[in-house]
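This report refers to the structure that appears directly beneath it.
The values are calculated or read from the model by the stated rules, or taken from the named source; none is laboratory data. Since this is a predicted model, take the numbers as computed values, not measurements. Every residue, glycine among them, receives a Cβ derived from its backbone with ideal geometry; neighbour counts consider all protein chains shown.
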């Protein structure tokens, strides 16, 4: 069997300049994140040309859609971490076996998720607050889009497997291919065939099916880590792998799903305390957050295989250096972005809205929301280290702590109990960053560093 990773790539990850290695892996991840967001943005853009109700419908169901996407990301990212640890330890056969089990686990869960989501989608769309034509369009869109889950999970699988090998360029090119197809098919199905919101959903499914077909061919025929159908004698082993993959993947999934939960809670409180205008304000603030967090996410994802490789290889000193370099890169970027938010917030707001009436309210909200931005970095760093070193319990716990046990209660307590109104909603995030981010980072230092010191002595 061919080596699952070239010696040059392995040497770069294990012995190369850490700043350069993280940057080389992070930049394609960042570009890929922006490319992936183009699917929903394209649908929103074209549907806005045929009516605001169509556009509002997919905007309303997008949190539910993001939950499904992030579940797939969680499973495949977890598998990639485990592959990286095997590769770092030069256990290439184990890495190949893990890659195969990730494929089977993710495909099985994607089919199960698609079925469940299709059945419960009417109730979910109503729960999200859709009524009348918006309910009709939202239900139509989500019921077609959930059929895309097996294709989406397959694409995520390819992304994670290649990232575990230190290759972040090929996933970027694959997603670019799918986005280009979607850009062509969206107006064709929406306008030429007059399918409306159904056309947008069908275009997404078809474009990602093309990408998924390429992935399956590559992983079974051309990849260094080759996939095959499970054999009877591999069933018990597969179940063990699947349990480990799902439990580790739950951490990343929980972190993302709680973001959707917080968005729903914030919109609920803001609709009461500030009205529709503050829901628009939160939409802009959330969009800015997504924009400025993408590079942080990319640096974390670029660092993850380096941490996993070196941890698997027993190179504790390299793991510590990688944590330091990752942290410095994130803090450096945050300092620049934070300065823009403090001194020139209008430049970010105008990317998403030109409404002068919204500007003053959004400036104030943005400064409140990002008041403790650096503490959010501490959460990201701690989470990445726990996840990359296969610390499942810690990763899941801190995912829940900051969002579910701190942000959600504060979103209701500060506006109502403390009479802070809309300001309380936007203040909940920085307060949770200080508490949750601080605890996560300190716990990481107190648990991971002693383990790494013990590894150095062995």
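Screening residue 390 on (1) within 21 Å of residue 321 (Cβ to Cβ); (2) part of a helix (DSSP H, G or I); (3) touching a helix residue (DSSP H, G or I) at 6+ places or on another chain (Cβ under 9 Å) shows it passes everything except condition (2). In this structure, does residue 340 turn out to be in contact with a helix residue (DSSP H, G or I) (Cβ under 9 Å, 6 or more places away or on another chain) and free of Cβ contacts under 8 Å to residues at least 12 places away in the same chain? It is true that residue 340 is in contact with a helix residue (DSSP H, G or I) (Cβ under 9 Å, 6 or more places away or on another chain) and free of Cβ contacts under 8 Å to residues at least 12 places away in the same chain. In the range 312-331, the count of residues that are in a helix (DSSP H, G or I), more than 30 Å from residue 95 (Cα to Cα) and out of contact with any helix residue (DSSP H, G or I) (no Cβ under 8 Å at 6 or more places or on another chain) is one or more. Residue 414 meets each of the listed conditions (1) crowded, with 20+ Cβ neighbours inside 10 Å; (2) more than 15 Å from residue 380 (Cβ to Cβ); (3) touching a residue at least 40 places away in the same chain (Cβ under 8 Å) apart from (3). Once the range 161-203 is narrowed to residues that are under 19 Å from the mean Cα position of the chain (by Cα) and over 30 Å from residue 90 (Cβ atoms), the residue that is surrounded by the fewest Cβ atoms within 10 Å (Cβ to Cβ) is 176. For residue 392, the conditions (1) at pLDDT below 90; (2) more than 26 Å from residue 81 (Cα to Cα) are fulfilled apart from (2). Only one entry of 90, 20 meets the criterion of being at positive phi and at pLDDT 70 or above, and that entry is 90.
Within the range 413-436, the set of residues being farther than 19 Å from residue 370 by Cα and in a helix (DSSP H, G or I) comprises 413, 416, 417.
From the list 177, 158, which residue is in contact with a helix residue (DSSP H, G or I) (Cβ under 9 Å, 6 or more places away or on another chain), under 20 Å from residue 101 (Cα atoms) and touching a residue at least 24 places away in the same chain (Cβ under 8 Å)?
One residue alone meets the criteria, 158.
Flag: residue 281 does not match the condition of being farther than 29 Å from residue 412 by Cα, in the same structural domain as residue 441 (by TED's automatic domain parsing), part of a helix (DSSP H, G or I) and touching a residue at least 60 places away in the same chain (Cβ under 8 Å). Determine if the range 394-403 includes at least one residue that is part of a loop (DSSP other than H, G, I, E, B), surrounded by fewer than 23 Cβ atoms within 10 Å (Cβ to Cβ), touching a helix residue (DSSP H, G or I) at 6+ places or on another chain (Cβ under 8 Å) and in the same structural domain as residue 438 (by TED's automatic domain parsing). For the range 394-403, residues part of a loop (DSSP other than H, G, I, E, B), surrounded by fewer than 23 Cβ atoms within 10 Å (Cβ to Cβ), touching a helix residue (DSSP H, G or I) at 6+ places or on another chain (Cβ under 8 Å) and in the same structural domain as residue 438 (by TED's automatic domain parsing): absent. Being more than 24 Å from the chain's Cα centre (by Cα), surrounded by fewer than 21 Cβ atoms within 10 Å (Cβ to Cβ) and in contact (Cβ under 8 Å) with a residue 40 or more places away in the chain is true of residue 452.
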